[in-house]
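Following: one structure in structure tokens, then a few remarks.
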Amino acid sequence: MSADSTSGKGAYAQVLKATSLIGGSEGIAILIGIVQTKCVAIFLGPVGVGIVGTLQSLLALATRVSGLGIQSSGVREISAAVSSGDEGQVARTTGTLRRICWLTGAVGAILVAIFAAPLSVATFGSRDFTFTIFAVSWVVLMRAIQEGQRTLIQGNRRVGDLARMKIIGAAGGAVIAIVFYGTLGLSGIVPALLSLGVFNLILTWWFSRRIAVARISMGWGETFRRSGGLVRLGIVLM
């Protein structure tokens, strides 16, 4: 058997394994999500479910827009750096990604907090949810950091970790939702969203910290120079 044939079969097996892991974890997460949705509907009713859904959509949009698509372009850049075998390049790309995710997330969170009143009017038709939107605005920062850590894991092709994170994240999210909504009802929406953000932040940090990255000294000037490519490609991929 030729070396090319053996290599091809090995690559095929690797792809099949990765697909099975991701597909399996997605399936489990969906099942957990169904149970969570049923419980939330019982605890909050149609109105509460609508409020949670609207807030989740608002936070997702704010995270996506403020993130400039960096998470998408970051996977490509991290993967290319890892493939090069240059530890310095990997460290610089990783450092740039982390800093820019922090920066864009902070900007997004601050803007949502500042414009909480008009966002409340635009999404709910009144200013009644101004404080709620202000309170959960920091979820935008937490999600940006999470996505940066998830991008690092994905760029390093740690498929098993991605699958584990998917399942643990779904299970943890379900527990948080059931506990807060079951005990506090509508008053539990803000603490539930904030707790979920913290939980996912810790989860992605735990798995990303297992990736060895060389320590380097890099100034903010270099960070901004290197981030140009990430932002340009990210905007295209948005």
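State whether the residues of the stretch 122-129 include one that is part of a helix (DSSP H, G or I), surrounded by fewer than 21 Cβ atoms within 10 Å (Cβ to Cβ), out of contact with any strand residue (DSSP E or B) (no Cβ under 9 Å at 6 or more places or on another chain) and not polar (S, T, N, Q). Please lay out each step first, then the result.
Keep residues of the stretch 122-129 that are part of a helix (DSSP H, G or I), which gives 122-124.
When the remaining residues are screened for being surrounded by fewer than 21 Cβ atoms within 10 Å (Cβ to Cβ), the result is 122-124.
The next check asks that each one be out of contact with any strand residue (DSSP E or B) (no Cβ under 9 Å at 6 or more places or on another chain); those that pass are 122-124.
Going one step further and asking which of them are not polar (S, T, N, Q), we end up with 122, 124.
Within the stretch 122-129, one or more residues are part of a helix (DSSP H, G or I), surrounded by fewer than 21 Cβ atoms within 10 Å (Cβ to Cβ), out of contact with any strand residue (DSSP E or B) (no Cβ under 9 Å at 6 or more places or on another chain) and not polar (S, T, N, Q).
Please specify each residue of the stretch 89-123 satisfying the condition of being aromatic (Phe, Trp, Tyr) and in contact with a helix residue (DSSP H, G or I) (Cβ under 7 Å, 6 or more places away or on another chain). Write out each step before concluding.
So the first thing to find is which residues in the stretch 89-123 are aromatic (Phe, Trp, Tyr), and the list is 102, 115.
Within the stretch 89-123, Trp102 is the sole residue that qualifies.
If you go through the stretch 185-198 one residue at a time, do you hit one that is of a type in the set (A, V, I, L, M), within 22 Å of Gly33 (Cβ to Cβ), in contact with a Phe, Trp or Tyr (Cβ under 6 Å, 6 or more places away or on another chain) and assigned to a helix (DSSP H, G or I)?
Among the residues of the stretch 185-198, at least one is of a type in the set (A, V, I, L, M), within 22 Å of Gly33 (Cβ to Cβ), in contact with a Phe, Trp or Tyr (Cβ under 6 Å, 6 or more places away or on another chain) and assigned to a helix (DSSP H, G or I), which makes the answer yes.
Residues being over 25 Å from Gln89 (Cα atoms), touching a residue at least 40 places away in the same chain (Cβ under 8 Å), surrounded by fewer than 18 Cβ atoms within 10 Å (Cβ to Cβ) and of a type in the set (Gly, Ala, Ser): count how many of those fall in the stretch 149-203.
Result for the stretch 149-203: 3.
Looking at Val90, Val112, Val107, Val140, which is the one that is buried (at least 24 other Cβ atoms within 10 Å of the Cβ), over 16 Å from the mean Cα position of the chain (by Cα), over 20 Å from Arg209 (Cα atoms) and in contact (Cβ under 8 Å) with a residue 24 or more places away in the chain?
On the way: Val90 fails: over 20 Å from Arg209 (Cα atoms); Val107 fails: buried (at least 24 other Cβ atoms within 10 Å of the Cβ); Val140 fails: over 16 Å from the mean Cα position of the chain (by Cα).
Answer to the check: Val112.
Can you name every residue in the stretch 66-80 that is in contact (Cβ under 8 Å) with a residue 60 or more places away in the chain and either farther than 14 Å from Gln154 by Cα or of a type outside the set (Ser, Thr, Tyr) (or both)? So that I can check it myself, show each step before the final result.
If we filter the stretch 66-80 for residues that are in contact (Cβ under 8 Å) with a residue 60 or more places away in the chain, which is where we start, we get 66-79.
Scanning the stretch 66-80 gives Ser66, Gly67, Leu68, Gly69, Ile70, Gln71, Gly74, Val75, Arg76, Glu77, Ile78.
Each reported figure results from applying straightforward, stated rules to the coordinates on display, with no laboratory input. Since this is a predicted model, take the numbers as computed values, not measurements. Note that each Cβ is placed from the backbone with ideal geometry, even for glycine, and that neighbours are counted across all protein chains shown.
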